[in-house]
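Contents: one structure, followed by commentary.
The values are calculated or read from the model by the stated rules, or taken from the named source; none is laboratory data. Keep in mind that what you see is a predicted model, and the values were worked out from it rather than measured. Backbone-built Cβ (ideal geometry, glycine too); neighbour counts: all protein chains shown. Protein only, heavy atoms only, side chains kept; ligands, DNA and RNA dropped before computing areas. Shrake-Rupley method; radii C 1.70, N 1.55, O 1.52, S 1.80 Å.
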Amino acid sequence: MATRLAERGRVGAALAEIRRLEQQTSAREAAGVCEALARHWAQGSQLLRAIVACKELMRLDPGHTRTQLFIAQLYARYSPAPVEASGELLSQELELLPDREDPVAVPLFSMLGQDAFVALLEAVEVRTYITGHPVIREGDLGSSMFFLVEGRGDVMRLLEGRGPQEGPIVEGGVFGEMALITEGPRLSSVMPAVPSLLLELTRARFTELAQRFPLVDRVVRAFCRKRAADHLLRTHPLFSSLRHEQRRLFSREFQLQRVAAGATLLHAGEKGDGLYLLMRGRCTPFHVHPDGNETPLALLREGDVFGEISLLLDQPVTATVRADVPSVVLKLGRPAFERLSSSQPSMREVLMQMAKERLARTARLLAEG
């Protein structure tokens, strides 16, 4: 029966069949079919489907452990007691994973040790969504991430003139991961295009996991950094001239940093240390007068680049930049920026134009003040 259900390939239908079996016979017999189904999917490179079947098995048999360990042995990258991987090592290993969404190479699972893998499997929850009911809504505070097991989700960005749509999330897709490492509003909505099945990991469960298994926290941060850097290099006009391999190489150079409210990212009068892109939050640049007074300049919002003037002109930073709220930035350090800009004249031209426009706006604001 398990083979027949697995060959159909639809998780929702398989779970419904198992629950009918539970009602007609016994929970024990249903659990046996569910275990066989989870193993079949796990051995068939369908990790997320195997996890859903395993979650159902745990409902039927709360003391069950062998199937969780079986799946972990197949997919976890490290031994049961791994040496804690560094952020640099994790970033390098993430680069080896496919660029496309892949239910086999889900980094949050596949880059863990076996014990952490099992703990994560037990922490996620199965969710179902019908068409027309958003999984996440743009502007709402995020508190969890999702793995799309079955179905399809349309990504919508409608606020602040961001454009109507970014493209679909397909089976194996991961989204919402930034909500695990920082509080802030969702940057897009995800609307199921068809009835969909997902796995959800909440920030609360993630925090518990990270305390027990620090590698979980490192994997999530490395994954967030790579995803954010890849998206920036792929979509921002500044990097449009880069070839695929160049984007892949420079993606590794970006650092993902959380910034506390009130923290200073750039200090006027000091040499700039990198190019920044504001991923989450809001920052304000200030012109610092000789007497120490400050004049606020144009607000920096998500998607804005700053720090380029000091790098391009090789001069001290012209304005102090502080975070108004808890924020997340991508930073490209000065050495990497210089290598990239020297090899890409078109990128340097775009940055020079941005710098001129920002200097002109600053001059107007100061003149008006």
Verdict on Pro134 being closer than 24 Å to Ile169 by Cα, open to solvent by 20 Å² or more (accessible area, probe 1.4 Å) and modelled with pLDDT of 90 or more: yes
Criterion: open to solvent by 20 Å² or more (accessible area, probe 1.4 Å), under 19 Å from Leu199 (Cβ atoms) and modelled with pLDDT of 90 or more - qualifying residue of Leu60, Leu47: Leu60
Selection count, region 176-198, where residues are hydrophobic (A, V, I, L, M, F, W, C), under 20 Å from Ala222 (Cβ atoms), open to solvent by less than 20 Å² (accessible area, probe 1.4 Å) and in contact (Cβ under 8 Å) with a residue 60 or more places away in the chain: 1
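Over 17 Å from the mean Cα position of the chain (by Cα), farther than 28 Å from Gln114 by Cβ and either touching a residue at least 24 places away in the same chain (Cβ under 8 Å) or surrounded by 20 or more Cβ atoms within 10 Å (Cβ to Cβ) (or both): is that true of Pro237 in this structure? So that I can check it myself, show each step before the final result.
On the way: over 17 Å from the mean Cα position of the chain (by Cα): yes; farther than 28 Å from Gln114 by Cβ: yes; either touching a residue at least 24 places away in the same chain (Cβ under 8 Å) or surrounded by 20 or more Cβ atoms within 10 Å (Cβ to Cβ) (or both): yes.
Here the answer is yes, as Pro237 does meet what is asked.
Can you tell me which residue within region 297-324, out of those that are of a type in the set (Asp, Glu) and in contact with a strand residue (DSSP E or B) (Cβ under 6 Å, 6 or more places away or on another chain), is least open to solvent (accessible area, probe 1.4 Å)? First the steps, then the outcome.
Here is the first cut: in region 297-324, the residues of a type in the set (Asp, Glu) are 302, 304, 308, 314, 324.
Now restrict to residues that are in contact with a strand residue (DSSP E or B) (Cβ under 6 Å, 6 or more places away or on another chain): 302, 304, 308, 324.
On the way: Glu302: 56, Asp304: 52, Glu308: 1, Asp324: 57 Å².
Checking each candidate, the answer is Glu308.
One residue is enough: does region 180-192 have a residue meeting the conditions charged (D, E, K, R) and modelled with pLDDT under 90? Outline the logic, then answer.
The first filter runs over region 180-192 and keeps only residues charged (D, E, K, R), leaving 183, 186.
Imposing the further condition that a residue be modelled with pLDDT under 90 reduces the set to 183, 186.
Checked against the condition, which is being charged (D, E, K, R) and modelled with pLDDT under 90, region 180-192 yields at least one hit.
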Which listed residue, of Ala268, Ala261, is open to solvent by 20 Å² or more (accessible area, probe 1.4 Å), within 30 Å of Ala179 (Cβ to Cβ), assigned to a loop (DSSP other than H, G, I, E, B) and aliphatic (A, V, I, L, M): Ala261
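Return yes or no: is Ala360 at pLDDT 70 or above and part of a helix (DSSP H, G or I)? Spell out how you get there, then give the answer.
On the way: at pLDDT 70 or above: yes; part of a helix (DSSP H, G or I): yes.
Judged against the criteria, Ala360 is a match.
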Candidate set: region 279-296, residues that are modelled with pLDDT under 85 and of a type in the set (A, V, I, L, M, F, W, C); chosen: the one surrounded by the most Cβ atoms within 10 Å (Cβ to Cβ): Met279
Breaking point among (1) open to solvent by 40 Å² or more (accessible area, probe 1.4 Å); (2) touching a Ser or Thr at 6+ places or on another chain (Cβ under 8 Å), for Glu338: (2)
Selection count where residues are touching a residue at least 60 places away in the same chain (Cβ under 8 Å) and within 19 Å of the chain's Cα centre (by Cα), scope region 128-141: 1
Some residue of region 70-79 being of a type in the set (Gly, Ala, Ser), modelled with pLDDT under 95, in a helix (DSSP H, G or I) and within 29 Å of the chain's Cα centre (by Cα): yes
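Mind listing whichever residues of region 288-330 are more than 31 Å from the chain's Cα centre (by Cα), in a loop (DSSP other than H, G, I, E, B) and not polar (S, T, N, Q)? It would help to see each step written out before you state the result.
Narrowing region 288-330 to residues more than 31 Å from the chain's Cα centre (by Cα): 288-296, 313-316, 318.
Those left that are additionally in a loop (DSSP other than H, G, I, E, B): 289-293, 314-315, 318.
Of everything in region 288-330, those that are more than 31 Å from the chain's Cα centre (by Cα), in a loop (DSSP other than H, G, I, E, B) and not polar (S, T, N, Q) turn out to be His289, Pro290, Asp291, Gly292, Asp314.
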Pick from region 204-216, criterion among the charged types (D, E, K, R) and surrounded by fewer than 17 Cβ atoms within 10 Å (Cβ to Cβ), ranking: nearest to Glu122 (Cα to Cα): Glu208
For Ala367: the one exception among (1) at pLDDT below 85; (2) of a type outside the set (Ser, Thr, Tyr); (3) surrounded by 14 or more Cβ atoms within 10 Å (Cβ to Cβ): (3)
Whichever residue in region 1-32 is open to solvent by 20 Å² or more (accessible area, probe 1.4 Å) and β-branched (Val, Ile, Thr) and, among such residues, is modelled with the lowest pLDDT: Thr3
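Residues that are aliphatic (A, V, I, L, M): list the strands (runs of 3 or more DSSP E) wholly contained in region 137-248 that include at least 2 such residues. Can you show your working first?
Working: elements: 144-150, 153-156, 167-169, 189-192, 196-202.
Once the strands (runs of 3 or more DSSP E) in region 137-248 are filtered for at least 2 residues that are aliphatic (A, V, I, L, M), what remains is 144-150, 153-156, 189-192, 196-202.
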